Amino acid sequence: MRLSVPHGKKYRAATTHDFTKFYLCKKPSKRCNCFDLYKKLVPYVDSWSWQKSMVGKRHILMERDEDRSDMLILLQHPPVYTLGTGSSEKFMNFDPKDAPYDVYRTDRGGEVTYHGPGQLIMHPIINLRYHKMDLHWYLRSLEEVVIRVLSSTFSIEASRVEGLTGVWVGNQKVAAIGVRASRWIAYHGVALNITTDLTPFQHIVPCGIRDRKVGSISGLLGITTEDTVHKQACQLMDITHDSLLKEFSEVFQLSLENKPIPDSWTF
């Protein structure tokens with residue numbers, strides 16, 4: 001079922017000609033194992049541990065020349081604030097010892113951000129040796145995935161902002177991106193606001209950017225908060241999830257294969 005755009009809302013398709021031209025020249029080649037928990041609220045420390053474990057295992061496989069598949073994890077988080085490796089606490093408008101939610105300093109790049117229900121998290125565990133050994137290319141590719149989702153599924157015109165990382169609709173940032181690479185294996189990834197309660201962002205300077213706002217797909221479509229806690233919230237999350245998988249597969253030219261959740265992944 002396709003969620004209709006409310007009457008009166010008009011959006012133009014995003015311009016992605018350069019990326020489209022590049023990806024049309026590529027042929028699907030590699031497999032990507034997909035661990036799909038997109039309807040689950042997974043504590044941040046658990047998903048972070050899973051990612052580091054996967055990266056470590058891929059390092060071992062690389063040494064044996066047995067690293068054959070990229071990986072993708074999709075999930076949501078309970079409310080939490082995270083900081084990048086070099087993030088400044090000056091961008092938090094509260095005492096870290098008396099924070100409204102848990103706060104974690106992580107090993108990703110970028111400044112402080114918020115994660116919570118209604119925000120879809122995509123963690124690709126990508127070996128850039130099999131794609132392009134260029135972190136700038138990788139960041140732009142992740143942005144391209146989200147830009148395509150917003151354009152193809154919701155007719156929302158999204159864009160990049162020169163000098164900044166993430167995906168924007170006008171003055172609103174709808175997707176934050178932060179990554180880390182270890183021996184060219186990248187992890188962490190994308191946080192896309194779908195039906196997210198944006199109130200917790202008011203307690204921080206999101207990504208250290210003071211002159212811009214944070215937005216969500218539900219807000220851009222004019223869906224009210226009352227609506228999003230019921231049927232439309234689930235529908236919007238499902239539609240965005242399906243589109244995100246499709247566009248990720250096409251941009252990175254990967255064949256996604258759903259895999260069962262390992263028994264060791266407790267949360």
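Which residues, counting only those in segment 233-263, are among the acidic types (Asp, Glu) and buried (at least 17 other Cβ atoms within 10 Å of the Cβ)? Matches in segment 233-263: GLU247, GLU250. Among the residues of segment 27-60, which ones are touching a Phe, Trp or Tyr at 6+ places or on another chain (Cβ under 9 Å) and at pLDDT below 95? Answer for segment 27-60, where residues must be touching a Phe, Trp or Tyr at 6+ places or on another chain (Cβ under 9 Å) and at pLDDT below 95: SER29, LYS30. Name the one entry in HIS131, HIS123, HIS136 that is surrounded by fewer than 18 Cβ atoms within 10 Å (Cβ to Cβ) and under 24 Å from SER249 (Cβ atoms). Answer to the selection: HIS136. In segment 79-113, the residue that is least open to solvent (accessible area, probe 1.4 Å) out of those that are under 16 Å from ILE209 (Cα atoms) and of a type in the set (D, E, K, R) is GLU111.
So, of the residues in segment 140-174 that are in a helix (DSSP H, G or I) and open to solvent by 30 Å² or more (accessible area, probe 1.4 Å), which turns out to be nearest to PRO206 (Cα to Cα)? Quick ask: steps written out before the conclusion?
Our first condition is that a residue be in a helix (DSSP H, G or I); within segment 140-174, this holds for 140-154.
Those still in the list that are open to solvent by 30 Å² or more (accessible area, probe 1.4 Å) too: 140, 148, 152.
On the way: ARG140: 20, ARG148: 23, SER152: 27 Å.
This residue is ARG140.
Quick one: would you say ASN127 is closer than 26 Å to ASP242 by Cα, touching a residue at least 12 places away in the same chain (Cβ under 8 Å), among the polar types (S, T, N, Q) and in contact with a strand residue (DSSP E or B) (Cβ under 9 Å, 6 or more places away or on another chain)? When the stated conditions are applied, ASN127 passes them. Only a single item in (1) in contact (Cβ under 8 Å) with a residue 60 or more places away in the chain; (2) part of a helix (DSSP H, G or I) is not met by ILE121, and it is number (2).
Among the residues of segment 54-78, write down those that are in contact (Cβ under 8 Å) with a residue 24 or more places away in the chain, surrounded by fewer than 17 Cβ atoms within 10 Å (Cβ to Cβ) and either touching a helix residue (DSSP H, G or I) at 6+ places or on another chain (Cβ under 6 Å) or part of a helix (DSSP H, G or I) (or both). Steps first, please.
The first filter runs over segment 54-78 and keeps only residues in contact (Cβ under 8 Å) with a residue 24 or more places away in the chain, leaving 54-55, 58-59, 62, 67-78.
Subset that is surrounded by fewer than 17 Cβ atoms within 10 Å (Cβ to Cβ): 59, 62, 68, 78.
Within segment 54-78, HIS59, MET62 meet the criteria.
The values are calculated or read from the model by the stated rules, or taken from the named source; none is laboratory data. Given the structure is predicted, the values throughout are model-derived calculations rather than measurements. Quick reminder, even Gly has a Cβ in these numbers, built from the backbone with ideal geometry, and neighbours come from all protein chains shown. Heavy atoms of the whole protein, side chains included, go into the accessibility calculation; ligands, DNA and RNA do not. Shrake-Rupley method; radii C 1.70, N 1.55, O 1.52, S 1.80 Å.
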